[in-house]
1. Could you name the aspartates and glutamates in cross-link range of residue 90, using Cα to Cα under 18 Å and dropping any fewer than eight places away on the same chain?
2. Can you work out D for the chain in µm² s⁻¹ from Stokes-Einstein, where Rh is the Kirkwood radius over C-alpha pairs, the temperature is 25 °C and the viscosity is 0.890 mPa s?
3. Sorted from fewest to most neighbouring beta carbons within 10 Å, what does the list 38, 48 look like?
4. What list do you get for 76, 28 if you sort them by fewest beta carbons within 10 Å?
5. Return the FRET efficiency for the residue pair residue 81, residue 19: r is the Cβ-Cβ distance, R0 is 25 Å, and the value is rounded to the nearest 0.05.
6. When only Cα pairs under 8 Å and 6 or more residues apart are kept, what is the percent relative contact order across the chain?
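No value in this document is a laboratory result; all are computed from the given coordinates. Owing to the predicted nature of the structure, the values given are computational and were not obtained by experimental measurement. All Cβ positions, glycine included, derive from the backbone under ideal geometry; neighbour counts span all protein chains shown.
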Amino acid sequence: MNSKLRPETTASTEPAMPRDTALYLILDSVERRGKLIHGRLHGPNGLHCAIGAFWADNPGITLSSNLINEVAAVNDSLGPNATPKERWSKVRSWLRWKLRTMTPAKKA
C-alpha cells in the first residue's frame, strides 16, 4: 500500500523495518538536517521532509505505510507557512517523545 500523505512513495514486497528501529533512524536523519519541508519527500536545494531525509540517508529501506503517514502527518501539522526550522523543531521533538514513550521506564 502506498502512503496517503506521500503519494510519491511506491509499494514494496520487502518486509518493513521494525517500527522502533525506523523511528530511531528517522530521528537520526532529521537531527542531522536542521530544516524540513512540507508536503513532499524531496524539495529544492537538497531539502527533504522527515521521511525524505530518512530515505536520502537509507535508500532502499522499506517502511510501513502507517509509519510513513504518521511521521508525514506530524511533519505537515504546522501547515505550509511554517519555516523549515520550525518544522524541524516540531518533528524532532515529537520523534524524541515517541521514542521515549516506547522505552520502558527504568526502575531504581
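1. Those aspartates and glutamates meeting the cut-off are 28, 31, 70, 76.
2. Values: Rh = 14.0 Å.
It comes out at roughly 175 µm²/s.
3. Values: 38 17, 48 23.
The most exposed by this proxy come first: 38, 48.
4. Details: 76 21, 28 14.
Final ranking by Cβ density, sparse to dense: 28, 76.
5. Numbers: r = 31 Å, r/R0 = 1.22.
FRET efficiency, residue 81 to residue 19: 0.25.
6. Numbers: 137 pairs, mean separation 34.8, N = 108.
After rounding, I find 32 percent.
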